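These notes concern the structure reproduced below.
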Amino acid sequence: MGGQARAARLIATGFGIGKLPWAPGTWGSLAALPLAWAIAGSLGPGTLLLAALALSALGIWAVGRHALELDQQDPGCIVVDEVAGQWLALAFVPPDLWLYCLGFLLFRLADIVKPWPASWIDRQMTGGAGIMADDLVAGLYAAAALAMIGEWLL
């Protein structure tokens, strides 16, 4: 395996988090939380939004390449899409334990249920962009719900 393939695998699997048994997407979302806290806590929630967008762009390349290598449409071991989606869900609220816990739950719910257009994207789009896009839409749904709840709570 060449250097680019190895880098794509590491990024796509969240440095191996996606290889954990049972619900790798949940593990990926959970692993995203302390990283989100570190980014938003030190540089602000706006920086977390930029990090989510940058990771999404990198993720499109990495998951596209890794999925092609595995010859699978959307392998379960790919979790960088959950990390980017989870960061997007948290990018509009300050780092707060309860908001981050709620953001995790809202994102997982949206990622599993896949409300439209995430469900359409999941069925129709292929390649790296398709794998990433449905989770980003789920992240936007979770972000909207979390921001509204955050305004009410804070």
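With 78, 121, 131, 149 as the choices, which residue is touching a His at 6+ places or on another chain (Cβ under 7 Å) and at pLDDT below 95? Explain how you work it out, then say what you get.
On the way: 121 fails: touching a His at 6+ places or on another chain (Cβ under 7 Å); 131 fails: touching a His at 6+ places or on another chain (Cβ under 7 Å); 149 fails: touching a His at 6+ places or on another chain (Cβ under 7 Å).
Exactly one of 78, 121, 131, 149 is touching a His at 6+ places or on another chain (Cβ under 7 Å) and at pLDDT below 95, namely 78.
Looking only at the range 114-131, which residues are surrounded by fewer than 18 Cβ atoms within 10 Å (Cβ to Cβ), of a type in the set (A, V, I, L, M, F, W, C) and part of a helix (DSSP H, G or I)?
Matches in the range 114-131: 120, 129.
Run residue 61 past the list (1) under 24 Å from residue 144 (Cβ atoms); (2) in a helix (DSSP H, G or I); (3) touching a residue at least 40 places away in the same chain (Cβ under 8 Å) and report the number of the one that doesn't hold.
For residue 61, the exception is condition (1).
Every residue, every condition in (1) within 15 Å of the chain's Cα centre (by Cα); (2) at pLDDT below 95; (3) over 15 Å from residue 32 (Cα atoms), yes or no:
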| position | (1), (2), (3) |
| --- | --- |
| 50 | yes, no, no |
| 53 | yes, no, no |
| 57 | yes, no, yes |
| 66 | no, yes, yes |
| 73 | no, yes, yes |
| 89 | yes, no, no |
| 104 | yes, no, no |
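For the range 87-111, give me each residue that is assigned to a helix (DSSP H, G or I) and either in contact with a Leu (Cβ under 7 Å, 6 or more places away or on another chain) or among the acidic types (Asp, Glu) (or both). Spell out how you get there, then give the answer.
Initially, the range 87-111 is screened for residues assigned to a helix (DSSP H, G or I), giving 87-90, 97-111.
Once the filter is applied, which keeps residues that are assigned to a helix (DSSP H, G or I) and either in contact with a Leu (Cβ under 7 Å, 6 or more places away or on another chain) or among the acidic types (Asp, Glu) (or both), the range 87-111 yields 87, 88, 89, 90, 99, 100, 102, 103, 104, 106, 111.
Within the set of pairs 6+ apart or on separate chains, which have a first residue in the range 40-56 that is free of Cβ contacts under 8 Å to residues at least 12 places away in the same chain, a second that is assigned to a helix (DSSP H, G or I), and C-beta atoms under 7 Å apart?
Matching pairs, first to second residue: 47/39; 47/40.
Could you tell me which of the residues 81, 134, 111 is surrounded by 16 or more Cβ atoms within 10 Å (Cβ to Cβ), under 19 Å from residue 8 (Cβ atoms) and in contact (Cβ under 8 Å) with a residue 40 or more places away in the chain?
Checking each option against the conditions leaves just 81.
The values are calculated or read from the model by the stated rules, or taken from the named source; none is laboratory data. Bear in mind that the values here come from a model prediction, so they are computed numbers and not experimental data. All Cβ positions, glycine included, derive from the backbone under ideal geometry; neighbour counts span all protein chains shown.
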